[in-house]
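Scroll down for the structure; my scribbles are underneath it.
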Amino acid sequence: MHTTALVLFSGGQDSTTCLAHALARYDRVETIAFDYRQRHSVELEARLQVLQEIRKQFPLWAPKLGEDHILDLAVLGAVSETSLTRDTAFKMEASGLPNTFVPGRNLLFLTLSAAVAYRRDLQVIVTGVCEADYSGYPDCRDDTMKAMQLALSLGMDKRYLIETPLMWIDKADTWRLAHQLGAASGVPDGGQKLVDLIVEHTHTCYLGDREHRHAWGYGCGTCPACELRARGYERFSTN
């Protein structure tokens, strides 16, 4: 039986929902993030505020929330000529993938997360990758996650579970899942409180915009991440 988890926690909508998922299931939950010189590095600040608000607003989850880890991955930014690590316009490449794809990012994230999980004796690695509502990133696919779970378990001689709560749901359902998790947290009106927390404190915008406030949160409103989050919130709020 699994009792401990490490959540890949960027401070965005998806990873915050995954964190709530883990806190609802496991006795001890730690978090990890990566500084790869992303243009939207404001997410590294936003995530600390999210952690603080979860501890404050969800008292039954707070004792489960353990150590937070941030790893410096400047090398990933150095080898990545993408619109997430360079000041270039968002566009589709000849490969059919958007230039927001950072090659090897999730593979590296999971490998380093497994190393931290090994040292911290954490059994489950939780990540917010999704195949139902995404940009076609090959390192977000279910097959990739299964292959990584096998490789990491064999390579470290420790049976890991890579959990992907969002794999088969779209952004509207991700908002609904957050509401459901909050509602089951034991906090009065917890569903709406978690949704409001995500709106106000998480960060998704690829351009790092924290000036423009929308119904779904802060962001430029035009980058691919903002558009996806906005469409999901509209479907969630009107149904």
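Return the residues of the stretch 113-141 that are assigned to a helix (DSSP H, G or I) and at pLDDT 95 or above; say none if nothing qualifies.
Ser113, Ala114, Ala115, Val116, Ala117, Tyr118, Arg119, Arg120
Just give me the residues in the stretch 206-239 being β-branched (Val, Ile, Thr) and part of a loop (DSSP other than H, G, I, E, B), in sequence order.
Thr222
Cβ-Cβ distance below 6 Å, separation of 6 or more or different chains: which pairs start in the stretch 181-194 with a residue that is closer than 17 Å to Gln13 by Cβ and end on one that is buried (at least 17 other Cβ atoms within 10 Å of the Cβ) and among the charged types (D, E, K, R)?
Gly182/Lys193
Scanning the stretch 187-212 for residues that are of a type in the set (Val, Ile, Thr) and under 20 Å from the mean Cα position of the chain (by Cα), which turns out surrounded by the fewest Cβ atoms within 10 Å (Cβ to Cβ)?
So the residue we want is Val199.
Being touching a helix residue (DSSP H, G or I) at 6+ places or on another chain (Cβ under 7 Å), buried (at least 20 other Cβ atoms within 10 Å of the Cβ) and not in a helix (DSSP H, G or I) is the filter here, so list the residues in the stretch 142-163 that pass it.
Scanning the stretch 142-163 gives Tyr160, Ile162.
Tally time: how many residues in the stretch 12-47 are outside any strand (DSSP E or B), modelled with pLDDT of 95 or more and not charged (D, E, K, R)?
Going through the stretch 12-47 one residue at a time, the tally reaches 12.
Looking only at the stretch 14-25, decide whether some residue is within 21 Å of Leu166 (Cα to Cα), surrounded by fewer than 19 Cβ atoms within 10 Å (Cβ to Cβ) and not aliphatic (A, V, I, L, M).
Within the stretch 14-25 (the criterion being within 21 Å of Leu166 (Cα to Cα), surrounded by fewer than 19 Cβ atoms within 10 Å (Cβ to Cβ) and not aliphatic (A, V, I, L, M)), the answer is yes, since at least one residue qualifies.
Take the residues of the stretch 90-112 that are closer than 16 Å to Leu76 by Cα and part of a loop (DSSP other than H, G, I, E, B): which is modelled with the highest pLDDT?
Restricting to residues being closer than 16 Å to Leu76 by Cα and part of a loop (DSSP other than H, G, I, E, B), the top hit is Gly104.
Answer yes or no: is there a residue in the stretch 191-204 that is among the hydroxyl-bearing types (Ser, Thr, Tyr) and closer than 13 Å to Cys226 by Cβ.
Within the stretch 191-204 (the criterion being among the hydroxyl-bearing types (Ser, Thr, Tyr) and closer than 13 Å to Cys226 by Cβ), the answer is yes, since at least one residue qualifies.
For residues in the stretch 48-75 being part of a strand (DSSP E or B) and of a type in the set (Asp, Glu), which is surrounded by the fewest Cβ atoms within 10 Å (Cβ to Cβ)?
Checking each candidate, the answer is Asp72.
Regarding the stretch 174-186, can at least one residue be identified that is assigned to a loop (DSSP other than H, G, I, E, B) and surrounded by fewer than 19 Cβ atoms within 10 Å (Cβ to Cβ)?
Yes, there is a match, as at least one residue in the stretch 174-186 is assigned to a loop (DSSP other than H, G, I, E, B) and surrounded by fewer than 19 Cβ atoms within 10 Å (Cβ to Cβ).
Mind listing whichever residues of the stretch 213-239 are under 17 Å from Ser41 (Cα atoms) and over 18 Å from the mean Cα position of the chain (by Cα)?
The answer is Cys220, and nothing else.
The values are calculated or read from the model by the stated rules, or taken from the named source; none is laboratory data. Just so it is clear, the structure is predicted and the values come from calculations on it, not from any experiment. Quick reminder, even Gly has a Cβ in these numbers, built from the backbone with ideal geometry, and neighbours come from all protein chains shown.
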